[in-house]
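This report refers to the structure that appears directly beneath it.
The values are calculated or read from the model by the stated rules, or taken from the named source; none is laboratory data. These numbers come from a predicted model, not from an experiment. Cβ atoms come from the backbone with ideal geometry, glycine included; neighbour counts cover every protein chain shown.
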Amino acid sequence: MKALVQRVVEARVEVDGQVVGAISQGMLVLIGIDAHDNQDSVKKLSDKLLKYRIFADDSGKMNLNVQQINGQLLLVSQFTLSADTHKGLRPGFSSAATPEQGRELFDYACQYIKNQRPDTQMGVFGADMQVFLQNDGPVTFLLEN
């Protein structure tokens, strides 16, 4: 699993012009599921995501996690994060999970995180989504298993 994490002031996802998920301060997380992923690897990275300290404390240092600031999460499936871009001029997707496995593990990640942060929002798996965000910093990290 890969998670591209962006610290945001606000973010939203639209499908067919309709908002399907929106948050204020928190994290927009683009999630890629790889073929070798399973529930254990998804749980491990989800735990890291919830505890990852990317928000400023009173001294201005990145010492607080999304839970400590009472921030929100917006989770969006993005299989292109699993692309192999090492050679050639076209990405390959042989390392990505199948759509069925990707949906199952993305749903698992969403439910696992939502159990700990009930106000978590999600995009729609497999949909053509428009993602809007105001990055705070900008601050962006790639977390991987």
Quiz prompt | In the range 82-139, residue surrounded by the fewest Cβ atoms within 10 Å (Cβ to Cβ) [restricted to those that are closer than 26 Å to A22 by Cβ and free of Cβ contacts under 8 Å to residues at least 12 places away in the same chain] | solution = P118
Exercise. Spot the failing condition for F106; the list is (1) touching a Ser or Thr at 6+ places or on another chain (Cβ under 6 Å); (2) more than 16 Å from L4 (Cβ to Cβ); (3) of a type outside the set (K, R); (4) not in a loop (DSSP other than H, G, I, E, B), and only one is missed.
Key: (2)
Quiz item: If you check K61 against the conditions, is it under 15 Å from A109 (Cβ atoms) and out of contact with any Cys (no Cβ under 6 Å at 6 or more places or on another chain)?
Solution: no
Quiz prompt | Selection status of L45, touching a residue at least 60 places away in the same chain (Cβ under 8 Å), more than 18 Å from D119 (Cα to Cα) and part of a strand (DSSP E or B) | solution = no
Quiz item: Which of (1) touching a strand residue (DSSP E or B) at 6+ places or on another chain (Cβ under 6 Å); (2) under 14 Å from V5 (Cβ atoms); (3) among the charged types (D, E, K, R) is the odd one out, the single condition D84 does not satisfy?
Solution: (2)
Quiz prompt | Test result for V9, surrounded by fewer than 20 Cβ atoms within 10 Å (Cβ to Cβ) and among the aliphatic types (A, V, I, L, M) | solution = yes
Quiz item: When the range 84-118 is examined, which residues are found to be among the acidic types (D, E) and at pLDDT below 95?
Solution: D84
Practice problem: State whether the residues of the range 54-61 include one that is closer than 20 Å to D128 by Cα, at pLDDT 95 or above and part of a strand (DSSP E or B). | Solution: no
Practice problem: Quickly run through the range 68-79 and pick out the residues that are surrounded by fewer than 14 Cβ atoms within 10 Å (Cβ to Cβ) and under 28 Å from Q130 (Cβ atoms). | Solution: N70
Self-check item: Hits in the range 12-36 - residues which are crowded, with 24+ Cβ neighbours inside 10 Å and more than 16 Å from I113 (Cα to Cα)
Solution: V13
Practice problem: List the number of the failed condition for G21; all other conditions in (1) in a strand (DSSP E or B); (2) over 22 Å from A127 (Cα atoms) hold. | Solution: (2)
